[in-house]
Amino acid sequence: MITTMMFLTIISVLCLGIGAFTQSQQIDSKQLQCLVCRTTMDELEAEIAKIDPSVSIDVGNYRLDANGNVKQKSIPLARSEVHISDMLDSICAKLDDYVRATYKSTGQLTLLRIMDPTGGMNPDISKVDIVQDGDLNKSLKFYCEGIVDEFEDDIVQLFSKGTKDIDVKVCTDVANFCSDTVSGEDEFTEDDDFTERDEL
């Protein structure tokens with residue numbers, strides 16, 4: 001099976017020959033941080049959704065009450081602060097599967113997942129120009145790690161509560177990377193069945 005990095009290398013060689021890459025261009029770092037933040041939240045949501053909702057974990061302070069019983073309660077594993085924090089430790093590796101790109105029709109910047117979960121190429125690749133990047137898009141992971149480091153407590157708290165529209169809460173309300181006018185649904189494309197919210 002071809003890895004994402006192997007695939008990126010192959011694509012870069014092919015695309016350089018046929019001009020499918022745009023030249024390196026000045027990218028607004030705040031806009032890129034917004035895209036990375038939203039993609040990171042979407043990836044974390046997807047990972048949490050894979051957890052069996054019937055699996056629970058005991059939490060509590062392990063102190064005894066007046067009757068000598070330990071004060072504990074069970075919560076779904078998917079909403080455990082410790083588990084969410086553990087997942088954040090590896091979530092930024094998911095950004096290795098993305099590239100910066102601009103839509104040919106609008107010029108709008110996006111983060112595009114190169115391959116789908118089955119290992120096939122994203123069909124939207126023909127709709128974009130991949131932005132040529134000297135670091136092979138390692139900056140995406142770097143931005144992600146910065147976001148996770150700075151806002152981990154807020155992210156964990158929101159995910160543990162099962163808050164709706166977490167990407168908007170974290171990326172707009174908490175981190176202030178995204179515009180208040182971005183609503184998460186405004187930028188969906190007709191192909192959201194595959195890309196979901198990758199371009200947000």
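Bear in mind these aren't lab numbers, they're just calculated from the coordinates by the rules spelled out. What you see is a predicted model, and the numbers here were worked out from it, not measured in a lab. Virtual Cβ from ideal backbone geometry, glycine too; neighbours counted across all protein chains shown.
Here the Karplus curve 6.51 cos²θ - 1.76 cosθ + 1.60, taken at θ = phi - 60°, turns the phi angles of the range 150-165 into couplings of 6, 10, 4, 4, 5, 4, 4, 4, 5, 5, 5, 7, x, 4, 7, 6 Hz, with x standing for Gly and Pro.
Taking a ≥ b ≥ c as the square roots of the eigenvalues of the Cα gyration tensor, the range 100-165 is prolate, since a/c reaches 1.5 or more and a/b is larger than b/c. Neighbour counts of other Cβ atoms within 10 Å put TYR103, TYR98 in the fewest-to-most order TYR103, TYR98. Here's how it looks for ILE57: its modeled amide H is under 5 Å from those of ILE75, LEU77, which are all 5 or more places away or on a different chain. The simple spin-label model puts a point 7 Å past each Cα toward its Cβ; for GLN108 and ILE27 those points are separated by 1.7 nm. Coupling constants for the range 120-126 follow from the phi torsions by the Karplus curve (6.51 cos²θ - 1.76 cosθ + 1.60, θ = phi - 60°), and in residue order they are x, 6, 4, x, 6, 4, 6 Hz; glycine and proline get x. Amide H contacts of LYS104 (H built 1.01 Å from N, in plane; Pro and chain starts excluded): VAL128, ASP129 sit under 5 Å, all sequence-distant by 5 or more or on other chains. Please work out the FRET efficiency for the pair ASP116 and ASN69, using the Cβ-Cβ distance as r and a Förster radius of 35 Å; give the result to the nearest 0.05. Calculated transfer efficiency: 0.10.
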